Amino acid sequence: MGLPKLNTVEYFETLPVSKIEAKFRPFNVKEQKILLQTLEDGTPQSISNGMMNLIRSCSELQDSDWTVDKLSNTDLEWLFIQIRMKSVGETTKVILPCVKQPEGCDGQTPVNIEFDKMRIEGELKEPKVMITDTIGVMMRIPSYSDVQELYESGMDIGTENIFKVLNKCIEKIFDADNVYETKEFTEKEVNDFVDGLTVDQFNTLMEWFSSVPKMVYDVEFACSKCGQTQEQELSGLQNFFV
């Protein structure tokens with residue numbers, strides 16, 4: 001006679017950006033061990049891969065043709081936090097540096113994070129962005145796959161590579177007479193189009209890109225070394241598991 005099997009509770013969550021409903025379950029001990037190993041590694045690629053593997057195992061999207069890889073980072077991070085809250089609790093402890101670093105105080109302070117106090121900041125703007133009176137682009141929110149390509153190629157998320165992600169998010173370019181699907185053009189051709197913009201025109205694209213909703217957490221604490229009270233805004237999973 002085999003050992004008894006435990007019933008797993010399932011939950012539903014509406015994702016904040018796509019508004020897709022996701023069904024998920026808490027992760028099990030085996031999955032937690034793998035997750036802890038990726039967090040110990042500490043690299044952005046390792047954390048990102050660990051998060052994705054766990055989300056694939058513990059969730060599925062309801063009534064949608066989307067896959068988790070096509071969701072925005074914000075939706076994925078939000079879903080990951082929901083899974084973690086139901087699995088091991090609603091709080092975690094992180095170590096935050098003093099605002100006086102790298103010069104001055106080198107204090108490192110343990111701070112308690114309450115996941116249920118996280119919020120979504122930003123707005124999902126109209127995807128149509130006009131560059132001139134007659135020329136514009138159609139934008140989309142960057143997906144996990146867009147960012148993951150940088151990690152897999154060994155790149156970090158610096159200024160130049162943010163531009164690469166932005167360029168990938170231009171789905172169409174149009175003028176008064178034609179609509180151009182960027183997938184029908186080479187990456188270089190799209191990059192050349194963006195490089196040919198004026199600074200003001202490019203800033204119009206960046207304003208849209210920068211407004212994309214993100215998950216943030218406001219924390220206030222006193223440095224354990226110098227005692228200075230300080231406020232920090234955390235965003236991105238790496239900030240919550242260091």
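The values are calculated or read from the model by the stated rules, or taken from the named source; none is laboratory data. The structure displayed is predicted, hence computed values, not measured ones. Cβ atoms come from the backbone with ideal geometry, glycine included; neighbour counts cover every protein chain shown. SASA here: full protein model, heavy atoms, side chains in, ligands and nucleic acids out. Shrake-Rupley method; radii C 1.70, N 1.55, O 1.52, S 1.80 Å.
Among the residues that make up segment 66-77, is at least one of them in contact with a helix residue (DSSP H, G or I) (Cβ under 7 Å, 6 or more places away or on another chain), part of a helix (DSSP H, G or I) and of a type in the set (Asp, Glu)?
yes
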Given the structure, is Val94 out of contact with any Lys or Arg (no Cβ under 7 Å at 6 or more places or on another chain), more than 21 Å from Tyr144 (Cβ to Cβ) and open to solvent by 40 Å² or more (accessible area, probe 1.4 Å)? no
So how many residues does segment 161-208 have that are in contact (Cβ under 8 Å) with a residue 40 or more places away in the chain, open to solvent by less than 30 Å² (accessible area, probe 1.4 Å) and within 30 Å of Glu231 (Cβ to Cβ)? 2
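Is segment 235-242 home to any residue that is open to solvent by less than 80 Å² (accessible area, probe 1.4 Å) and among the small types (Gly, Ala, Ser)? Steps first, answer last, please.
So the first thing to find is which residues in segment 235-242 are open to solvent by less than 80 Å² (accessible area, probe 1.4 Å), and the list is 235-241.
Filter again for among the small types (Gly, Ala, Ser), leaving 235-236.
Among the residues of segment 235-242, at least one is open to solvent by less than 80 Å² (accessible area, probe 1.4 Å) and among the small types (Gly, Ala, Ser), which makes the answer yes.
For Glu103, state whether it is surrounded by fewer than 16 Cβ atoms within 10 Å (Cβ to Cβ), part of a loop (DSSP other than H, G, I, E, B) and under 20 Å from the mean Cα position of the chain (by Cα).
no
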Quick check on my filter: what residues within segment 1-24 are surrounded by 10 or more Cβ atoms within 10 Å (Cβ to Cβ) and either farther than 23 Å from Ser64 by Cβ or touching a residue at least 40 places away in the same chain (Cβ under 8 Å) (or both)? Tyr11, Phe12, Glu13, Leu15, Pro16, Val17, Ser18, Ile20, Glu21, Ala22, Phe24
